[in-house]
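Before any comments, here is the structure.
The values are calculated or read from the model by the stated rules, or taken from the named source; none is laboratory data. Predicted model, so just to flag it, every value in this text is computed and none were measured. Quick reminder, even Gly has a Cβ in these numbers, built from the backbone with ideal geometry, and neighbours come from all protein chains shown.
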């Protein structure tokens, strides 16, 4: 679909409900919004095909499966031209759960999840810092995640004439 794909009020309502609970059946969404289940299926297909919805997943709590360290890593590359090769290598490190190409101080910024400080040291020294082009890194250990949310879907306010 084109980049000009527009979502309307019903699409926003559907997305808001699914963002709160992605396991909610389309039939329940349909009842709540007073439309047919078929309408929800059609709308979701269009939202997926247009790239508005990029997937759905179950989220786990890393602490509950033995991963106690969340760290953020500022990564300095020797040259910007090494970015693509570095990304390909970073993708092979399962502890990296997010990676961003950034402006400012760092070339890249990563979020990594590790079992403990020993595991973090191994990932940093043996995996990340061993990548060709990585000049150095700065590590920030998260003590607590205070906020985690998706972008809120809001209706545009109509201007009064």
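Determine if region 105-112 includes at least one residue that is more than 19 Å from residue 70 (Cβ to Cβ), surrounded by 15 or more Cβ atoms within 10 Å (Cβ to Cβ) and either touching a helix residue (DSSP H, G or I) at 6+ places or on another chain (Cβ under 9 Å) or without any contact (Cβ under 8 Å) to a residue 12 or more places away in the chain (or both). Within region 105-112, one or more residues are more than 19 Å from residue 70 (Cβ to Cβ), surrounded by 15 or more Cβ atoms within 10 Å (Cβ to Cβ) and either touching a helix residue (DSSP H, G or I) at 6+ places or on another chain (Cβ under 9 Å) or without any contact (Cβ under 8 Å) to a residue 12 or more places away in the chain (or both). Close Cβ contacts (under 8 Å, 6 or more residues apart or on different chains) running from residues in region 117-134 that are free of Cβ contacts under 8 Å to residues at least 40 places away in the same chain to residues that are surrounded by fewer than 18 Cβ atoms within 10 Å (Cβ to Cβ) and not in a strand (DSSP E or B) comprise 123/93; 127/93.
Can you find even one residue in region 79-93 that is in contact with a helix residue (DSSP H, G or I) (Cβ under 9 Å, 6 or more places away or on another chain) and over 30 Å from residue 22 (Cβ atoms)? So far as region 79-93 goes, yes, one or more of its residues are in contact with a helix residue (DSSP H, G or I) (Cβ under 9 Å, 6 or more places away or on another chain) and over 30 Å from residue 22 (Cβ atoms). Tell me, please, whether a residue that is loosely packed, with under 11 Cβ neighbours inside 10 Å, without any contact (Cβ under 8 Å) to a residue 24 or more places away in the chain, in the same structural domain as residue 108 (by TED's automatic domain parsing) and closer than 21 Å to residue 116 by Cβ can be found in region 75-94. Within region 75-94, one or more residues are loosely packed, with under 11 Cβ neighbours inside 10 Å, without any contact (Cβ under 8 Å) to a residue 24 or more places away in the chain, in the same structural domain as residue 108 (by TED's automatic domain parsing) and closer than 21 Å to residue 116 by Cβ. One residue stands out in region 1-25 among those that are in contact with a helix residue (DSSP H, G or I) (Cβ under 8 Å, 6 or more places away or on another chain) and more than 18 Å from residue 154 (Cα to Cα): the one that is modelled with the highest pLDDT, namely 24. All conditions in (1) buried (at least 16 other Cβ atoms within 10 Å of the Cβ); (2) touching a residue at least 60 places away in the same chain (Cβ under 8 Å); (3) in contact with a helix residue (DSSP H, G or I) (Cβ under 7 Å, 6 or more places away or on another chain) hold for residue 150, with the sole exception of (1). Of the numbered criteria (1) out of contact with any helix residue (DSSP H, G or I) (no Cβ under 8 Å at 6 or more places or on another chain); (2) over 27 Å from residue 146 (Cα atoms), the one residue 64 fails is (2).
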